[in-house]
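Please read the structure below before turning to the comments.
The values are calculated or read from the model by the stated rules, or taken from the named source; none is laboratory data. Only a predicted model underlies this, so the values are computations on that prediction, with no experimental measurement involved. Cβ sites come from the backbone with ideal geometry, for glycine too, and all protein chains shown count toward neighbours. What goes into the accessible areas is simple: the full protein's heavy atoms, side chains included, and nothing from ligands, DNA or RNA. Shrake-Rupley method; radii C 1.70, N 1.55, O 1.52, S 1.80 Å.
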Amino acid sequence: MHYHTPASFEEAVRIAASAGGVTRFLAGGTDVLVQLRAGAVTPDDLIDLKHIPGVHDIAATPQGGWRIGVAVSGAELGEHAALKRDWPGVVEAMELVGSTQVQGRATLTGNLCNGSPAADSVPALVAAGARVAVTGPQGSREMAVEQVPTGPGKTALGPGDLITAITLPPRGAGGGDAYQRFIPRTEMDIAVVGCAVNLTLEGDVITQARVALGAVAPTVMLVPEAAEAIISTTLDSDALEALVKVARSAARPISDKRGTAEFRTDIAGVLARRVAELAYARAKGRAK
Amino acid sequence: MSKIHVTATVNGDSVEFLADPRETLLDALRDHLGLIGSKEGCGTGDCGACSVLLDGRLVSACLVLGVEAEGHEIETIEGMAGPDGTLHPLQRKFIEHAALQCGFCTPGFLVASKALLAKTPDPTEEEVRYWLAGNLCRCTGYDKIIRAVMDAAAEMRGAA
Ligand SMILES: Cc1cc2nc3c(=O)[nH]c(=O)nc-3n(C[C@H](O)[C@H](O)[C@H](O)COP(=O)(O)OP(=O)(O)OC[C@H]3O[C@@H](n4cnc5c(N)ncnc54)[C@H](O)[C@@H]3O)c2cc1C
Ligand code: FES
Ligand code: FES
C-alpha cells in the first residue's frame, strides 16, 4: 500500500487517475481502516486528503450558506455554534455517528462516499439540499447529495473523482430541520430506519419541504411525495396522517438481523411524523 | 513494502519511528515506541481500549494510521500521572471506587474521561454515560466507573 499526502486536490486527482489498482481517499479513516483491518479492502494507493489547505474549515459562503471542508470531523461540526443554529438537523445527524472517539475523526464526506444506505448524516444532507463540489480527471462539477449514492457501497463518482467540499444552502427565515433514527440501543448502533425533514414556514404554513429516508432502500432517498403531503399545510393532524402514509409507501426495505421489512416500513412512518414535528417546532423557534 | 519515517510528539517528547503504511497508530505506540498502556480490544473502533488524544482530540488509535501521526501531538495513558508518579485524580478515584477488575479497559476509560473533563468540568451523569458509550468494559460494569468519574470531576473542580 502506498500512502500519499497531496498538497492540492489537483495533485490528489492526478495520483488517483494514474493509480492502476484499488484506490481509496482517506478522510477520517473510520470506514477505510475498518475495511483495511477486516481485509475487505486493502488499497494499493491510499490518498490522505488532510494535508490539502482548507479541508479543515467550516466557512460561511457569500450567499449565506456554509461550505464544509472534507476533513471536518463530527466533533468539529458539533462545536460550531453558528452552523448548529442554521442546520441543527445536519449536525445532530452527524453527531449520531459512532462514539466520541469516532466523532473525533469521522467526516460528512466519508459518511456519504462510503455509500451505506444507513449512513446517518446523508438523509439530513439530502433534506437540507446540500451539494457537493467534485473534481476529477474530467474537470470540476457540482452535484446534489442525493445523486451521489447509487447502491450499497456504490457512488456516482468515477475513477479519480473526489469531493472537494460540501455546501449547505442559506438557511433563510422560518426554516427548521431535524434527523432521527431508530436503533435498538441508545448509542453506538447502525440505523434500522433514519428520517430527515427540512422545512420553511410562512407564518404557520409550510411553504417548502424536503423529506429523506435512510436504511429503507438501497440508497438514502429523497421522498418528494412526503414533502408534498405537508407543503401548504400547518402540519395539522390530517397532514401528519398523510405524511405517515406516504413515507410508509415510499419505503422499500429489506429484512435483515436489524429488523424486518414490515417493521422498517412501520417505523418509517413513525419517524417521519416525529421528525416533521421537531423540524416544525424548530422553524417556529420553539425547539433547539 | 517501503517504510515511512514519522516524527511526532508523544506525551511531550519528540519521537521518531519507521512505519509500514498499513500499521495503525496503536501498532506504532505499542510495537515501535514501547508504550503498551493503550490496548487493542477490537481493532475496529468499537471498544475504546486504544483511546488517545490526537492534538487534544479523543480518538481511537486503532482507527488512525501511524503515518497519519506525522507532525502531530499525541497523549497516551503513560502521560497521565505526574513525572514523579503522582496519580491523576481520575486514576486515584478509579482505585478508590474499585472501578476496575482486569484493568484492560482502564487506560481507555481514563484517557476518554480526561478528555471529557477538559471540555466539560461539571458533567451530568447522563453526559458521562454518553461520552463513554464507546468505551466497553468486560468486567466491572459501568456504575463504579461513572461514579469514579463524577467524583474525580468534583474533586478537580474543588481543587481548581
Ligand atoms: C465504531 C464505529 C461506529 C460507527 N457508527 C456509525 C453510525 O452510527 N452511523 C454511520 O452512519 N456511520 C457509522 N460508522 C461509519 C463511519 O464512521 C462513517 O461512515 C464516517 O462518517 C466515515 O467518515 P470518514 O471520514 O472516517 O471516512 P473514511 O473512512 O476516511 O472514508 C470513507 C470512504 O469515503 C471515501 N472518501 C473519503 N473522502 C472522500 C472525498 N473527499 N472524495 C471522495 N471519496 C472520499 C473513501 O475513499 C472511503 O471509501 C461507524 C464506524 C465505526 C468504526
Ligand atoms: S481497539 Fe481501538 S476501539 Fe477497540
Ligand atoms: S476492568 Fe476488565 S475490561 Fe474493564
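Here is a yes/no grid of residues against (1) touching a residue at least 40 places away in the same chain (Cβ under 8 Å); (2) among the β-branched types (Val, Ile, Thr); (3) surrounded by 13 or more Cβ atoms within 10 Å (Cβ to Cβ):
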{"residue": "B:Leu87", "(1), (2), (3)": "no, no, yes"}
{"residue": "B:Leu90", "(1), (2), (3)": "yes, no, yes"}
{"residue": "B:His97", "(1), (2), (3)": "yes, no, yes"}
{"residue": "B:Leu100", "(1), (2), (3)": "yes, no, yes"}
{"residue": "B:Phe104", "(1), (2), (3)": "yes, no, yes"}
{"residue": "B:Leu110", "(1), (2), (3)": "no, no, yes"}
{"residue": "B:Ala115", "(1), (2), (3)": "yes, no, yes"}
{"residue": "B:Lys119", "(1), (2), (3)": "no, no, yes"}
{"residue": "B:Thr124", "(1), (2), (3)": "no, yes, no"}
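Taking the range B:25-46 as the range and being open to solvent by less than 40 Å² (accessible area, probe 1.4 Å), within 16 Å of ligand 3 (Cβ to nearest atom) and under 12 Å from the mean Cα position of the chain (by Cα) as the test, the residues that pass are B:Gly37, B:Ser38. Considering (1) within 30 Å of B:Ser51 (Cβ to Cβ); (2) in contact (Cβ under 8 Å) with a residue 12 or more places away in the chain, the lone condition that A:Gly151 does not fulfil carries the number (1).
Could you check how many residues of the range B:115-136 are under 17 Å from B:Glu96 (Cβ atoms) and more than 12 Å from chain A (Cβ to nearest Cβ)?
Count: 1.
One residue stands out in the range A:104-117 among those that are more than 6 Å from ligand 1 (Cβ to nearest atom) and open to solvent by less than 20 Å² (accessible area, probe 1.4 Å): the one that is farthest from A:Ala268 (Cα to Cα), namely A:Gly104. In the range A:30-43, the count of residues that are farther than 16 Å from A:Gly110 by Cβ and among the acidic types (Asp, Glu) is zero. Taken as a whole, the condition of being open to solvent by 10 Å² or more (accessible area, probe 1.4 Å) and over 17 Å from the mean Cα position of the chain (by Cα) applies to A:Asp204.
Matching residues to (1) in contact with a helix residue (DSSP H, G or I) (Cβ under 7 Å, 6 or more places away or on another chain); (2) away from chain B (no Cβ under 11 Å); (3) closer than 16 Å to A:Ala7 by Cα; (4) away from ligand 2 (no atom under 16 Å from the Cβ):
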position	(1), (2), (3), (4)
A:Leu36	no, no, no, no
A:Pro43	no, no, no, yes
A:His51	no, no, yes, yes
A:Ala60	no, yes, no, yes
A:Gly65	no, yes, no, yes
A:Ile68	yes, yes, no, yes
A:Glu76	no, no, no, yes
A:Glu79	no, no, no, yes
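Being within 13 Å of chain B (Cβ to nearest Cβ), in contact with a Pro (Cβ under 7 Å, 6 or more places away or on another chain) and among the hydroxyl-bearing types (Ser, Thr, Tyr) is a condition met by at least one residue of the range A:1-8.
Being in a helix (DSSP H, G or I), more than 13 Å from every other protein chain (Cβ to nearest Cβ), more than 16 Å from ligand 2 (Cβ to nearest atom) and open to solvent by 70 Å² or more (accessible area, probe 1.4 Å): is that true of B:Arg147 here?
Numbers: in a helix (DSSP H, G or I): yes; more than 13 Å from every other protein chain (Cβ to nearest Cβ): yes; more than 16 Å from ligand 2 (Cβ to nearest atom): yes; open to solvent by 70 Å² or more (accessible area, probe 1.4 Å): yes.
Spelling it out, B:Arg147 is indeed in a helix (DSSP H, G or I), more than 13 Å from every other protein chain (Cβ to nearest Cβ), more than 16 Å from ligand 2 (Cβ to nearest atom) and open to solvent by 70 Å² or more (accessible area, probe 1.4 Å).
Scanning the range B:1-42 for residues being assigned to a loop (DSSP other than H, G, I, E, B) and either touching a Ser or Thr at 6+ places or on another chain (Cβ under 8 Å) or away from chain A (no Cβ under 14 Å) (or both) gives a total of 9.
Filter the range B:126-137 down to residues that are farther than 15 Å from B:Leu53 by Cα and open to solvent by less than 90 Å² (accessible area, probe 1.4 Å), then give me how many there are. Residues flagged as farther than 15 Å from B:Leu53 by Cα and open to solvent by less than 90 Å² (accessible area, probe 1.4 Å) within the range B:126-137 amount to 5.
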